[in-house]
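Below is one structure, written out as structure tokens; the observations come after it.
The values are calculated or read from the model by the stated rules, or taken from the named source; none is laboratory data. Since we're looking at a predicted model, the values are computed, not measured. Cβ: placed from backbone, ideal geometry, glycine included. Neighbour counts: every protein chain shown.
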Amino acid sequence: MPHILLVDDDADILTLLSGFFRKHGHAVTTATGGAAMFEALERAPSDIVILDVMLQGEDGFSLCRRLRATSRIPVIMLTAMADHTDRVVGLEIGADDYVTKPFDQRELLARVKAVLRRTAELAAAPTPSETRPTLRFAGWHLDVARRELRSADNALVLLSGGEFDLLLAFVEHPQRVLTRDQLLDLARGLSHAAYDRSIDVQVSRLRHKLENDPKNPAIIRTVRNGGYIFAPEVTRG
């Protein structure tokens, strides 16, 4: 039974969504703010967090940023703002999906199922000794099975689900120009995104983690009117 952690300071929404998800076979824990959210995560593991942006006190963006710094648990953010800027901010801080209020409960359920399905598929990924070993480029090591990125000195660099999926798409298609549409198709974790800007956001985040100078990137280069190219040579093993 998948376990959902709902974080919202609106009691009516918590009651409504709790009943709906339980009716559809999910275990649900609720929290009204950041302190309660982290306490709930310490008490029992959750499979996914549905996090409202507009919370009293510390907002959902800040909470997502703090959570993503230490955890890869999937996060779907809820907001009453339809502005794409909010969605971009959510993606920038590592959210896996973004839903605007008011929303159809069935759509939210479908989004939850899609994220959980991707998580389950990734948990069943092959071991490094099988078809997708560690991929190496420019001093970096990408362990596909463990979904880990390590630097030349073996330091672990934490990636969100979307960042990892996009980096894997680049690494598996090096030295080749990829359009934004192609990257959306290749990076399954980004397939729910309906506009190209999500790719630009994730590329920017990857550059800040990979590049010595993100403003003059040497690894993920922009191709004018084309898309992006992953410049380094990639080796396996």
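Some points to look at:
- The range 166-182, residues that are surrounded by fewer than 19 Cβ atoms within 10 Å (Cβ to Cβ) and out of contact with any strand residue (DSSP E or B) (no Cβ under 6 Å at 6 or more places or on another chain): 172, 173, 175, 176, 181, 182
- Top-ranked residue in the range 150-165 [being touching a residue at least 12 places away in the same chain (Cβ under 8 Å) and among the small types (Gly, Ala, Ser); ranked as surrounded by the fewest Cβ atoms within 10 Å (Cβ to Cβ)]: 152
- For the range 222-237, the set of residues classified as surrounded by fewer than 17 Cβ atoms within 10 Å (Cβ to Cβ) and touching a strand residue (DSSP E or B) at 6+ places or on another chain (Cβ under 9 Å) consists of 222, 223, 226, 231, 233, 235, 236, 237, listed by residue number.
- Restricting attention to the range 189-237 and to residues that are among the hydroxyl-bearing types (Ser, Thr, Tyr) and in a loop (DSSP other than H, G, I, E, B), the residue that is modelled with the highest pLDDT turns out to be 195.
- Total residues in the range 1-52, condition free of Cβ contacts under 8 Å to residues at least 24 places away in the same chain, over 22 Å from residue 161 (Cα atoms) and surrounded by fewer than 14 Cβ atoms within 10 Å (Cβ to Cβ): 9
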